[in-house]
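Everything on this sheet refers to the single structure shown next.
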Amino acid sequence: MVSVVDQRKSKFNRYKNLRESSSGAHDSAIKPVQEYSVRNRIDDIADEGTFKEFKIEFPETDPLQFEGYVDKKDDLRAETDSHDAIIAGKCKIDGFPAVVAVMNKKFMMASMGIELGETVSYAVEYAEAHKLPLIIFTASGGARMQEGILSLMQMAKTSAVVEKFKQNGGLYIAVLTHPTTGGVSASFATLGDITLAEPGALIGFAGPRVIEQTIGEKLPDGFQRAEFLEEHGFVDEIVKREDMKQVLGKILKLHCVK
Amino acid sequence: MKAIERVNIARDKDRPKITDYINNVFTDFFQQKGDYLGKEDASIYGGIAMFHGRPVTVLGHRKGKNVEENVTCNFGMPGPEGYRKALRLMKQAEKFGRPIITFVDTPGAYPGLEAEMYGQAQAIAGNLAAMSTLKVPVISIVTGEGSSGGALGIAVANKVYMLENAIYSVLSPEGFASILWHDSARRDEAAEVMKLTAKDLLEFGVIDGIISERGVGLSVVDDADVANVYDRLFARIDKQIAAALAEFDGMKPEEIAKQRFEKFRKIDERFLDNESLAQMGNV
């Protein structure tokens, strides 16, 4: 008889395998490195030398005065070369100008607090003001718990800003990467005019463990993966990293935004 | 009072529920069901009603008042169909120029298999986006538990109020303690740290006001006095809604949408107050 613990373990391993096989690090001919960093991603999609990062100086945000939070962010800033869990800027892709934002899950699982929400909003508003298309590579564990209700409010803020941009004619391409969950999945990540996803990416509102605890059942193979979302009608296309630039270039061309 | 005591009061099964608010604050309620996409979700309850002589759309989370209702209403935890129904009702309110009143009381959006399959994330996001553009006034009142995106999904309002003993938070205190301390038993401490009471949220500038309860909930000691206490609560809610709606009388539809947009765009402004941000745009 297989114990519950063993079942959980085997499930964990299955997801672990999926994660590893979907990381793209091994099968990508473009980047023969183990880690696919935010900078790697930008290098892969932006025309050489065209990326200009938005330099925004943020005050320290710690609305709950949560113990250890600021120290943790400081440590991560040194490690990740990033002030919070997102890098945003403008670049050209196959000659087409665009605003691009990339979330960095190495920074507190790219959870969304005030600074991240404001950076997203800034990128959207910059794109709106300059009539540029907007591309966001999402990845997130959800809301930044350490910022309490203010992190929840980022969902409303970013959604409102994205909606205004779209209603004013802006093109928003969301690229869902592993994992995109919680408050980010339930706000700007799923509001794209066009939604792409990376193979095997976990995408959902609730995490698999929470769902299993709630329903008391094992989840089926491939549940909440990009392919599952495609099958259920929430993703236009699943795109591998090595094809990403070409696909984005084509979508930009189809919107005549050169 | 400790934060965790508020949490317990907010969750009290005997606390007034959406059906009580609708029956006592509005008249001529006509219930509307279904998302018109293939599903009905009883955890979102709503329809059209009269308020001070004008039609309004009223909706909110429904937990149910007994075990049978709790099960039918999934304990107030909507699936995507619930959020889509809410959106259908709100878009219809906009079409007919009706103000929208929402009552928030949920442990969160349902973390279930089907909910995920049919797009829980996309349904909530869709509501946040669409609500930000509605051209009629939206008034939200958090009456019990305002937990997570499941609460916010019907609370992108021009004016947001909380009952004195309601809570509004990014997650339940148990979930918060579990994620940050790997120990859900530290819920009391979490409730304190999270700053989830009406007073906390008013100080953050996230809500616009607190509606006094004066006893409603666990602290009602004398059964004979319950009806009286409740009637006074309903009267205060009535007064607050009327006052809030009056602020939007004579405002153009676009101005109403703009006020709501600005409210959420700047909801964290006090935490971002610096010169660099003021000069944004000069990349």
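Between B:Glu192 and B:Asp231, the modelled label-to-label distance comes to 4.1 nm, taking each label 7 Å out from Cα in the direction of the beta carbon. When each of the peptides A:189-195, B:79-85, B:48-54 is scored by the mean number of other C-beta atoms lying within 10 Å of its residues, the order from highest to lowest reads B:79-85, A:189-195, B:48-54.
Charged neighbours of B:Lys39, selected by a Cβ distance under 15 Å, balance to -2 (K, R count +1; D, E count -1). When each of the peptides B:250-256, B:4-10 is scored by how many other beta carbons lie within 10 Å of its residues on average, the order from highest to lowest is B:4-10, B:250-256. Residue pairs exceeding 27 angstrom between C-alpha atoms, taken from A:Lys157/B:Lys33; B:Lys33/B:Lys135; A:Lys157/B:Lys159; A:Lys52/A:Lys106: A:Lys157/B:Lys33.
What is the ratio of the Cα radius of gyration of segment B:167-271 to 2.2 N^0.38 Å, with N the residue count, to two decimals?
Normalised by 2.2 N^0.38 Å, the Cα Rg of segment B:167-271 equals 1.42.
When Rg and the Kirkwood radius Rh are both evaluated on Cα atoms of segment B:76-149, their ratio Rg/Rh stands at 0.97. Assuming R0 = 45 Å, what is the FRET efficiency of A:Asp71 and A:Thr214, from their Cβ-Cβ distance, to the nearest 0.05? That gives a FRET efficiency of 0.85. Peptide B:177-189 has a mean of 1 when you count, residue by residue, the C-beta atoms of other protein chains within 10 Å of its C-beta. Extent of segment A:80-174 along its three principal axes (Cα atoms, max minus min coordinate, largest first): 38, 28, 17 Å. In this label model, A:Glu230 and B:Glu40 are separated by 3.7 nm, measuring between points 7 Å along each Cα→Cβ vector.
Counted without the sites themselves, the longest stretch of chain A free of GluC sites (Glu not before Pro) in a DSSP loop having at most 13 other beta carbon atoms within 10 Å is A:68-216.
Neighbouring Cβ atoms from other chains, within 10 Å of the Cβ of residues in B:126-134, number 6 on average. Expressed in units of 2.2 N^0.38 Å, where N is the residue count, the Cα radius of gyration of the protein assembly as shown is 0.96.
Modelled spin labels at B:Asp238 and B:Glu69, positioned 7 Å past Cα toward Cβ, are 2.1 nm from each other.
Listed by chain and number, the lysines whose C-alpha is less than 19 Å from the C-alpha of A:Lys253, apart from same-chain residues fewer than 8 away, are A:Lys90, A:Lys92, A:Lys131, A:Lys166, A:Lys245. Identify all aspartates and glutamates with a Cα-Cα distance to B:Lys252 below 17 Å; exclude those on the same chain that are fewer than 8 residues away in sequence. Straight-line reach from B:Lys252, under 17 Å: B:Glu94, B:Glu262. Computed over chain A, the quotient of the alpha carbon radius of gyration and 2.2 N^0.38 Å is 1.01. Amide hydrogen proximity for B:Glu213: with H placed 1.01 Å from N in the peptide plane, the residues at 5 or more positions away or on another chain lying under 5 Å are B:Glu164. Build a GNM of chain B with springs between Cα atoms under 10 Å apart, and of B:Leu272, B:Leu180, B:Leu202 the one that fluctuates most is B:Leu272.
Averaged over the residues of A:181-191, the number of partner chain Cβ atoms lying within 10 Å of the residue Cβ comes to 6. Phi-derived couplings, Karplus 6.51 cos²θ - 1.76 cosθ + 1.60 at θ = phi - 60°, listed residue by residue for segment B:60-77: x, 6, 10, 8, x, 10, 8, 4, 4, 5, 4, 5, 4, 8, 6, 6, x, 10 Hz, with x used for Gly and Pro. Of the residues B:Gly119, B:Gly38, B:Gly150, the one that moves most in a GNM of chain B with alpha-carbon contacts below 10 Å is B:Gly38.
Would you kindly give the portion of the calculated P(r) for segment B:109-232 that falls above 21 Å, as a percent of all Cα pairs? Across segment B:109-232, Cα pairs with separations above 21 Å total 52 percent. Take the Cβ-Cβ distance between A:Asn168 and B:Gln259 as r, set R0 to 22 Å, and report the resulting FRET efficiency rounded to the nearest 0.05. Computed FRET efficiency for A:Asn168 and B:Gln259 comes out at 0.75.
Exposure proxy ranking for B:Thr102, A:Thr180, based on other Cβ atoms within 10 angstrom of each Cβ and starting from the fewest, stands as B:Thr102, A:Thr180.
Take every DSSP beta bridge with both residues inside segment B:3-278 and express the antiparallel ones as a percent of the total, to the nearest 5.
Bridges in segment B:3-278 are about 40 percent antiparallel.
When each of the peptides B:258-268, B:103-113 is scored by the mean number of other C-beta atoms lying within 10 Å of its residues, the order from highest to lowest reads B:103-113, B:258-268.
In terms of overall dimensions, segment B:1-73 has a Cα radius of gyration and Dmax of 14.5, 45 angstrom. Counting neighbouring beta carbons within 10 Å and listing from fewest to most, the residues A:Lys245, A:Lys218, A:Lys55 come out as A:Lys55, A:Lys218, A:Lys245. Taking only the Cα atoms of segment B:3-278, the radius of gyration and Dmax are 18.1, 60 Å.
Bear in mind these aren't lab numbers, they're just calculated from the coordinates by the rules spelled out. The shown structure was predicted, so the numbers you read here are calculated from the model rather than taken from an experiment. Glycine gets a Cβ as well: all are built from the backbone with ideal geometry, and neighbour counts include every protein chain shown.
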